[in-house]
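Everything on this sheet refers to the single structure shown next.
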Amino acid sequence: MLGKAGSYASLLFAADSSDASISQFSQSINERLTAISTHLLFFTLELNRLEEADLREKLQDPTLAHWQPYLRDIRMYRPHQLSDDVEKVLLEKSVTGGQAWCRLFDETIAALRVTLDGQEITVGDALNRLSDTNRATREQAGKAVGGVFEKNVRLFALITNTLAKDKSISDNLRHFARPTSSRNLSNMVEDEVVDALVSAVRSDYPRLSHRYYALKAKWMGLDKLEHWDRNAPLPGNDDKLIPWSEAKNIVQKAYDGFDPRMGKVINTFLTNPWIDVPPAPGKSPGAFAHPTVPSAHPYILLNYHGRIRDVMTLAHELGHGVHQVMAAKQGYFMSDTPLTLAETASVFGEMLTFQSLLDAEKDPQRRRLLLAAKVEDMLNTVVRQIAFYEFETRVHDARKKGELLPEQIGAIWRGVQTESLGPAFNFTPEYDVFWAYIPHFIHSPFYVYAYAFGDCLVNALYQVFSEGAPGFQDKYIAMLEAGGTLRHKELLAPFGLDASDPGFWRKGLDVISGFIDQLEQG
């Protein structure tokens, strides 16, 4: 019941955070849930006081043995657990601490308006114009959005500084070695594995993003790309809008073609009122799939504008939905998947949809455009997210020395963007504040590498699938059904893959490089 109440309040707030009554209701629910949670806190605290030998003995009981994965995960936090009183204080103060700053960020972003052509529109709608076919429209939108962020940059810097300091205090209390360690622990992945991923992607910037964007500048007839050209449609792209009904059919067909069991779950989402589709004032930007609780069903939020990227977003979020439905059998405590693997089904769904569209397209020019769009999506998922991760790392490291000025945060942002996007880009001054709207930095510090983890993992998985590995679909569905009961090593072993192998990430990045090779040759 607690999970249902929290989900209901969260989804209402996501649908319209500009409504004061909804904000009040959401805050009230969060406060009540926190108050209730303080009375349940004793369970994990006392469990972690058990000696290892005592717990092993108790796990001999078959009834308790079922919960071994859940208990295993709780025990991982044992070295970082504080006294009962301190844990209770931290939990109770979260409502007026981190949660309050997150709420301020959400309500600020939702209330911002960008004036374009004499019309006031939301930040989300303005950012969507950065994909317009008309370069003047993109430039106008890019500068206008930057102008709005610049007017509010002191507030965004205050939120960022406060949350970074709050995290530093918590990390020090819990004896985490570095700012990323707590996220890695919650993802059940070793620091070294994440370091290997980040190092592999950063070292491949030249052969991936630098190479592709140099091609894009050439195709667009430009000496340099500006930040508003990054997601610009390519020449020859008619930017045909895809009706919602057609988008549903495209994604349904892709999942059906992979396995009818997954197609059946997709159909359930598409034929029930579980997806909030159109953009709206006050609505959260972007997209997400919210799992609610295993006894209910997930909900999906979109801001569907009708572009091919929106179709891929639908495929992505439905992948999350399928994963959440299939893992529900593990129950409330063991259905959640660590973030590193939570992106597997979503990115795999994107790949299925892309390959379905590519196979159906016979026109060479259209195929090239589809391939280029896929490369851009992959660069946004891998290179951009690792650049985000690097930005967060540098901000949190710098914050340890004192509060950061907006200009200092902007300089860090420009630095990582220059490194990741490469010499094909020129950056105008307003781009220095584009860090301000990224919600992951606020709500889920260091979450973003999970996207790159998932994309590279899926690329490797898809290679196994393409090679006709026997029983792939059954193994894949078993992986989704496992939820949070298994770690990445155990989940990938049936496919002959190992994320701790340094060569693993190279396989995933080679797929992206191979697509760019095809574009260079075409």
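FYI, it's all coordinate maths here, none of it is from the lab. All of these numbers come straight from a predicted model, not from anything done at the bench. Using ideal geometry, Cβ is built from the backbone for each residue, glycine included, and neighbour counts are taken over all protein chains shown.
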| request: For region 401-481, just say rounded, prolate or oblate: build the C-alpha gyration tensor, square-root its eigenvalues into a ≥ b ≥ c, call rounded for a/c under 1.5, and beyond that prolate if a/b exceeds b/c, oblate if not. | output: prolate
| Under a point-charge model restricted to the Cβ atoms of Lys and Arg (+1) and Asp and Glu (-1), what is the dipole moment magnitude of the chain relative to its Cα centre, in debye to the nearest 20? | 380
| said: Taking the alpha-carbon distance from residue 507 and a cut-off under 19 Å, which lysines remain once sequence neighbours fewer than 8 residues away in the same chain are dropped? | reply: 374, 489
| remark: If every Lys and Arg gets +1 and every Asp and Glu gets -1 at its Cβ, then about the Cα centre region 135-283 yields a dipole, in debye to the nearest 20, of 280
| field | Percentage, to the nearest whole number, of Cα pairs in region 1-134 over 21 Å apart | value | 61
| query | What 222 nm value per residue comes from the helices of the chain, counting each DSSP H run with n ≥ 4 as -39,500 (n - 2.57) and dividing by all residues, nearest 500 deg cm²/dmol? | reply | -20000 deg cm²/dmol
| task | Answer with one residue from 83, 393, 3: the one whose Cα lies farthest towards the positive end of the charge dipole of the chain, charges on Cβ with Lys, Arg +1 and Asp, Glu -1. | result | 393
| Among 144, 269, 42 - extreme Cα towards positive end, dipole of the chain, charges at beta-carbon | 144
| task | Count charges around residue 493 for me, please; just the other residues with Cβ under 14 Å from its Cβ, Lys/Arg as +1, Asp/Glu as -1. | result | 0
| message | Suppose we take every Cα in region 338-460 and form the convex hull; what volume per residue is that in Å³? | response | 128
| note | Of all trypsin sites (Lys or Arg not before Pro) in region 13-72, the ones in DSSP coil with at most 16 other Cβ atoms within 10 Å are 49
| Taking H as built 1.01 Å from N, whose amide H comes closer than 5 Å to the amide H of residue 425, not counting residues under 5 places away? | 225
| query | Out of the DSSP beta bridges found with both residues in the chain, what percent are antiparallel (nearest 5)? | reply | 70
| task | Just tell me which lysines come within less than 17 Å, Cα to Cα, of residue 93; anything on the same chain fewer than 8 places away is out. | result | 165, 167
| query | Volume per residue, Å³, of the convex hull around the alpha-carbon atoms of region 170-263? | reply | 237
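Explain nothing, just the number: dipole magnitude of region 201-334 about its Cα centre with +1 on each Lys and Arg Cβ and -1 on each Asp and Glu Cβ, in debye rounded to the nearest 20.
The calculated dipole for region 201-334 is roughly 300 debye.
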| Signed unit charges on C-beta, dipole axis of the chain, positive-most listed residue 214, 99, 358 | 214
| query | What order do you get for 366-373, 290-297 when each peptide is scored by the mean count of other beta carbon atoms within 10 Å, highest first? | reply | 366-373, 290-297
